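Asks: Pasting a structure below so you can have a look.
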Amino acid sequence: SHTFTTDLTVGSTGSEVVALQRFLVSKGFLTMPVGVAMGNFGPMTQSAVAAYQTSKGISPASGYFGPVTRAS
């Protein structure tokens, strides 16, 4: 379990992004390609966040990991 404390978007990097990606993988929203390291918030992560947002009824499902998405 991880408590997210920062907003994340395309271009974000670091341990918060790794935690987000692990969460998205565990929920089936993200599949990391072989050889691609976690820790960079790119288009694949953005799409996965948007899919998660849609599943939770968060609108707009922009792929931006901000306060509303963190609260869910």
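Asks: State in Å² the accessible area per residue of the chain; use a 1.4 Å probe, count heavy atoms of protein chains only, and round to the nearest integer.
Replies: For the chain, the per-residue accessible area is 58 Å².
Asks: Now, a different point. How tilted is helix 15-26 with respect to the longest principal axis of the chain? Cα atoms for both, answer in degrees (0 to 90, nearest 10).
Replies: With both axes taken from Cα atoms, the answer is about 80 degrees.
Asks: Over the chain, calculate the relative contact order: mean separation of alpha carbon pairs under 8 Å at least 6 apart, over the residue count, as a percent.
Replies: Rounded, it is 34 percent for the chain.
Asks: Now, a different point. Carbon and sulfur atoms: what percent of the 1.4 Å accessible area of the range 1-48 do they account for?
Replies: 55
Asks: Next question. Starting from the Cα of residue 55, step 7 Å along the direction of its Cβ; do the same at residue 3; then give the gap between the two resulting points in nm.
Replies: 2.4
Asks: Calculate the all-directions average of the projected area of the chain's alpha-carbon convex hull, and give it in nm².
Replies: 4.3
Asks: Does anyone have the angle between helix 43-55 and the longest principal axis of the chain? Alpha-carbon axes, 0 to 90°, nearest 10?
Replies: Taking the Cα atoms of the chain, the angle to 43-55 is about 30 degrees.
The values are calculated or read from the model by the stated rules, or taken from the named source; none is laboratory data. All figures in this text were calculated on a predicted structure; none of them were measured in a lab. Methodologically, a virtual Cβ is constructed for each residue, glycine included, from the backbone with ideal geometry; neighbour enumeration extends over all protein chains shown. The accessibility values were calculated without ligands, DNA or RNA, using every heavy atom of the protein model including side chains. Shrake-Rupley method; radii C 1.70, N 1.55, O 1.52, S 1.80 Å.
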